[in-house]
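Below is one structure; the comments refer to it alone.
The values are calculated or read from the model by the stated rules, or taken from the named source; none is laboratory data. Model, not experiment: these values are computed from the prediction. Note that we place each Cβ from the backbone using ideal geometry, even for glycine, and neighbour counts take in every protein chain shown. Areas reflect the complete protein model, heavy atoms only, side chains present, ligands, DNA and RNA absent. Shrake-Rupley method; radii C 1.70, N 1.55, O 1.52, S 1.80 Å.
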Amino acid sequence: TKTLLGYGRVTSDYYYDENREEFLHCREVEWFKKGEWDVDDNLPRKTLTDTTLEKARYLLNIMNENTNKQENNHMIELLKYKPQIILQGPPGTGKTREAKRIAKALLGLGENDSLEGNEQFKLIQFHPSYSYEDFVRGIVAKPNEEGDGIIYTAENKILGAFAQEALTNYLYSDGNIKSWINNNFDRFKREIQNIIEKETKYILDEKTAITNIKEEEFILNNTSSSTIDINFFKKLIEKVIEENFEITAKNTRNLLGIEIRYSNYKLLIEKFLEKYIFHKSKLKNYILIIDEINRANLSAVLGELIYALEYRGEAVQSMYAIDGENNLILPPNLYIIGTMNTADRSVGHIDYAIRRRFAFVNILPKDLTNELGDQFEGALFAKVTNLFNTNLSPEFKKEEVQLGHSYFITKNTPINIRWEYEIKPILLEYVKDGILVGEGIETTINNLINNENYAS
């Protein structure tokens, strides 16, 4: 139950082989790979087991040695506890790369798999002029379909649209029938209320109409003795969808324990299910990466969603209505991963309200010599690191400004190119900004690579 032995394609129908000593019930299999691979979770021992696409990918990735490293497990567990995190650290520590690795793990992909075109993944980058209208919802101008002039309408932007996709999946997924009913019932109730306000009643049939709505019941034909109990109504919808429950006098009495006028409930449920159809699906993860998240004014960009980040699944009221609906919901299966450069003091301040809603994870510089060998310039990395031990201004913290390891990876770029056009310029900029200080600091920087004989 803890070991994978291989994978392949079944190529025949069932046959019985009496010449085998054991396992006489057979099918032919074209084996693509055989071996032994350990897994963390228990595998089923049944002959044939249904699985999700994500689980299948996860198992195939293990056998193809295309798995995310173990350190991602901590991040995944953290996201399950708090669905939005910020990876923070100085430049060059691979924050965006790490965010993508976490996204792949959440999606059941391997490190070598691509995120491009994946409908459950989005990556955007914030900038100082980014606004709520760019990110959540905003007004857009569109040509009038009748051909005269333009019209202005509200529409979901990146987060609003992505959250709606994730919410739709969440509501239709296994075990969320109650959430789906509650979400759509609120809309249904508002629609009935609007019709009553315009036409004085919402017609169920030629003899029956809803004429008023109270908190827990619909009033029929202006008679307080003739009602539809809202809680009973929702319970019946759940039974109809999950068990194909037939609404009869006997069945409703057995279910609810009381006698109700079942025909009125049946009429209203039919109208509800005509409008809202439940399509059961598997729960999926949706991941939004916000690169350079602190370059925008987060309080202004997020608006009322600061509340929604903490209270996942609860509706908040947007300043813009779409199809008459102001509600915005961030579902539990939407994960947000931000990246933040701690060395950039010119960017916006993150206030305490937002800090409380995000988990901040430090992504710090590290020596990759053991992992990359001669594709990592370890000696120069050590010398540059030492600069931040000996020449760092006391106004700054080393972990916030030290150059990250990615500057010293030489797999695709020679170190002399990296030095001349990436490492040295930012070190000299640090001197101008008062981050690196001390007598002769510029000379010390200029001589670092000469001492190592790296110049071409």
Given H placed on each backbone N at 1.01 Å, which residues far from G338 in sequence or on other chains put an amide H within less than 5 Å of it?
-> I85, I86, L87, I290
For K214 and R187, what does the FRET efficiency come to when R0 = 25 Å and r is the distance between their Cβ atoms, rounded to the nearest 0.05?
-> 0.85
For the chain, taking Cα atoms only, what is the radius of gyration to one decimal and the Dmax to the nearest whole Å?
-> 30.0, 95
Taking the Cα-to-Cβ direction at I417 and at N221 and moving 7 Å from each Cα, how far apart do the two end points lie in nm?
-> 8.4
At what distance in nm do the modelled label points of L283 and E145 sit from each other, each positioned 7 Å from its Cα along Cα→Cβ?
-> 3.8
To the nearest Å², the heavy-atom accessible area per residue of segment 31-128 with 1.4 Å probe amounts to 61
Heavy-atom accessible area per residue of segment 362-456, all protein chains kept, 1.4 Å probe, expressed in Å², is 56
Nearest 0.05, what FRET efficiency do I195 and R261 give at R0 = 22 Å with Cβ-Cβ as r?
-> 0.55
In the chain, what percent of the accessible surface is made up of carbon and sulfur (1.4 Å probe, ligands and nucleic acids excluded)?
-> 45
When DSSP beta bridges are limited to those with both residues in the chain, what percentage is antiparallel, rounded to the nearest 5?
-> 60
Pull out the extension gain between T47 and E243, defined as 0.36 nm times the separation in residues minus the alpha carbon to alpha carbon distance; nm, one decimal.
-> 67.7 nm
Stretched fully, the stretch from Q125 through N446 gains (0.36 nm per residue minus C-alpha distance, one decimal, in nm) 112.2 nm
Roughly how many Å² is the accessible area per residue of segment 253-318, as a whole number, for a 1.4 Å probe?
-> 51
Those GluC sites (Glu not before Pro) in segment 6-66 that DSSP places in a loop and that have at most 16 other beta carbons within 10 Å = E18, E21, E22, E28, E65
Which of the peptides 41-53, 420-432, 295-307 is most tightly packed, and how do the rest follow, judged by the mean count of other Cβ atoms within 10 Å per residue?
-> 295-307, 420-432, 41-53
